[in-house]
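Student: Next up is a structure, given as C-alpha cells.
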Amino acid sequence: MISPSNFYQKLASVGIDFYVGVPDSLLSNLCSFIDDNSGSGSHLITSNEGAAVGVACGYHLATGKIPSVYMQNSGLGNAVNPLLSIADTLVYKIPILMIIGWRGEPGVIDEPQHIKQGRVTEKMLNLMGVPYFILGSEDDYETIIERSIEILKKENSPVALLIKKNTFKKYKSKRVNSQLSSMRREEALKCILELCGDDMVVSTTGKTSREVYEIRKNSNQEVADFLTVGGMGHTASIALGISLARPTRRIICLDGDGSLIMHLGSSAIIGHNKPENLVHVLLNNAAHESVGGQPTVADRIDFRKVSSSFGYRQYLEASSIADIKRSWDKISKARGPIFFHVKIQIGSRSDLGRPRSSPEENKINFMKKLDER
C-alpha cells in the first residue's frame with residue numbers, strides 16, 4: 001500500500017501544493033494527511049465537486065500552477081460541466097490533476113449505488129477526453145505521477161488518477177472536530193421515527209439511511225422509508241417532489257449537513273414553493289462522517305437566518321431528546337415548510353450494518369405505503 005505521506009511529498013516535488021475537493025471513503029487517509037499537512041489556504045473542502053473544479057480553475061488563473069482536485073467517482077457528474085466548458089482543451093486549457101476514488105470498480109464488491117457508476121467511470125473519462133491512469137496499492141505511483149505531469153504540461157488540460165480500493169495506508173487525522181451536541185445521530189433518529197408515526201420518511205445517503213434501516217428492523221417494523229443510498233445532496237429535492245405530488249401526506253426529510261450544503265439551492269426552491277406538508281430535518285454534526293469525518297462548515301452557519309431567508313415558515317432547533325420531543329409538538333401543529341435543525345455529535349456503531357433489501361424493493365415498499373391512504 002502507498003503511504004499518504006510519500007504520495008503527498010511526490011506531488012509536492014512536481015509542484016503541486018494546492019488541494020480542493022469533496023471527501024471520499026477510498027481517499028480518506030490521503031485526504032486526512034492533506035488536511036493535516038497543507039498550509040493555510042492550500043486545502044479547501046468544497047460544497048460539491050463542480051465547485052472544486054471552479055476553485056481549481058481560479059487558482060491556476062491566479063498562479064499559473066497546477067492544482068489538484070479530489071473526489072469520489074460518484075461526484076464526477078457534478079464536475080462534468082466545468083471540466084468540459086471551462087478547463088477543456090477546446091476552451092481555457094486549464095491543467096488540473098484529478099484524484100478520483102473508484103467506487104464500484106468492476107470485479108470489486110460494493111454497494112448498489114456504486115455499481116453502475118464504477119462500471120462507466122472509465123467510459124466517462126474517455127468520452128470527455130480526460131487522460132487517466134489507474135493507481136492501485138502495488139503500482140509505481142512515482143512514475144504515474146511523473147507521466148501525469150508530463151501530459152498536464154503538454155496538453156494544459158485535466159488528467160485523472162483513478163484510485164482503486166485499499167490503495168493508501170492508514171492515516172489517523174489529527175483534527176479535532178466540533179462537537180455540537182452530546183446526542184448521537186442514531187439516538188436522535190430513533191426518537192424522530194417514533195414521533196413521526198405514519199408520516200413518509202425520506203433519508204439521506206450514508207450512515208443516516210443505514211441507521212434508519214436498522215432502527216426499523218430492530219423494532220420489527222416494515223422498512224417503507226425511502227433510503228436515498230446514492231445521489232448525495234438530492235434528498236431534499238426528492239422530498240420536495242413527493243410533497244408537491246402528495247399534499248395530503250406529511251413528508252419528513254432526514255438530511256445531513258454535507259448533503260444540504262452540497263446543493264443548498266434546493267432549500268431555496270423548497271422555501272419558494274412552500275409545501276405545507278414538508279418537514280426538513282437537518283442532522284448536523286459538522287462533518288462528512290460517512291467518508292472519514294472531514295469537516296463541513298455547518299458549525300458556522302446560522303440556519304435560522306438561512307431557512308427564514310429561503311422562505312421556510314418555521315424554524316426549530318434541538319440538541320437533546322427532550323428538545324426533539326418539545327419541538328415535535330410544535331411541528332405537528334404547524335404548516336410547512338418547517339426547518340428542524342437537530343445538532344448531533346460525530347460517531348456511529350462499529351457494527352452498523354447496511355440495508356439488505358435492494359433499492360428497487362425499497363422503492364416499491366415506499367410507494368405502497370404512500371398509497372395506503
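The values are calculated or read from the model by the stated rules, or taken from the named source; none is laboratory data. Just so it is clear, the model here is predicted, and its values are computed rather than measured. Ideal geometry is used to build each Cβ from the backbone, glycine not excepted, and the neighbour counts take in all protein chains shown. Just the protein is used for accessible areas: all its heavy atoms, side chains included, with ligands, DNA and RNA removed. Shrake-Rupley method; radii C 1.70, N 1.55, O 1.52, S 1.80 Å.
Student: Considering only region 296-317, I want to know if a residue exists there that is at positive phi, part of a loop (DSSP other than H, G, I, E, B), touching a residue at least 40 places away in the same chain (Cβ under 8 Å) and open to solvent by 10 Å² or more (accessible area, probe 1.4 Å).
Tutor: yes
Student: If you take the residues in region 76-96 that are small (Gly, Ala, Ser) and modelled with pLDDT of 95 or more, which one is most open to solvent (accessible area, probe 1.4 Å)?
Tutor: Among those that are small (Gly, Ala, Ser) and modelled with pLDDT of 95 or more, it is SER85.
Student: Next up: Kindly indicate whether ASN37 is touching a Phe, Trp or Tyr at 6+ places or on another chain (Cβ under 9 Å), modelled with pLDDT under 95 and open to solvent by 30 Å² or more (accessible area, probe 1.4 Å).
Tutor: Yes.
Student: Let me ask you something else. What helices (runs of 4 or more DSSP H) lie completely within region 204-282 and have 3 or more residues being without any contact (Cβ under 8 Å) to a residue 40 or more places away in the chain?
Tutor: Counting at least 3 such residues, we get 207-218, 235-245, 265-273.
Student: Residue check: is SER350 touching a residue at least 60 places away in the same chain (Cβ under 8 Å), out of contact with any strand residue (DSSP E or B) (no Cβ under 8 Å at 6 or more places or on another chain) and open to solvent by 40 Å² or more (accessible area, probe 1.4 Å)?
Tutor: No.
Student: Something else about it: Go through (1) under 25 Å from PRO4 (Cα atoms); (2) aliphatic (A, V, I, L, M); (3) in contact (Cβ under 8 Å) with a residue 60 or more places away in the chain; (4) part of a loop (DSSP other than H, G, I, E, B) one by one and return the number of the condition ILE100 breaks.
Tutor: Among (1) under 25 Å from PRO4 (Cα atoms); (2) aliphatic (A, V, I, L, M); (3) in contact (Cβ under 8 Å) with a residue 60 or more places away in the chain; (4) part of a loop (DSSP other than H, G, I, E, B), ILE100 violates only (4).
Student: If you go through region 331-359, how many residues are at pLDDT below 95 and not in a loop (DSSP other than H, G, I, E, B)?
Tutor: 2
Student: Hey, any hits in region 355-370 for a residue that's open to solvent by less than 80 Å² (accessible area, probe 1.4 Å), over 26 Å from GLN221 (Cα atoms) and of a type in the set (A, V, I, L, M)?
Tutor: no
Student: So, one more: Within region 103-122, restricting attention to residues that are at pLDDT below 90 and part of a helix (DSSP H, G or I), which residue is surrounded by the fewest Cβ atoms within 10 Å (Cβ to Cβ)?
Tutor: Here the residue is PRO112.
Student: Inspect region 213-229 for any residue being surrounded by fewer than 24 Cβ atoms within 10 Å (Cβ to Cβ), in contact with a strand residue (DSSP E or B) (Cβ under 6 Å, 6 or more places away or on another chain) and at positive phi and give the result as yes or no.
Tutor: No.
Student: Is it the case that some residue within region 246-257 is under 21 Å from GLY21 (Cβ atoms) and either open to solvent by less than 50 Å² (accessible area, probe 1.4 Å) or of a type in the set (Val, Ile, Thr) (or both)?
Tutor: Scanning region 246-257, I find at least one residue that is under 21 Å from GLY21 (Cβ atoms) and either open to solvent by less than 50 Å² (accessible area, probe 1.4 Å) or of a type in the set (Val, Ile, Thr) (or both), so the answer is yes.
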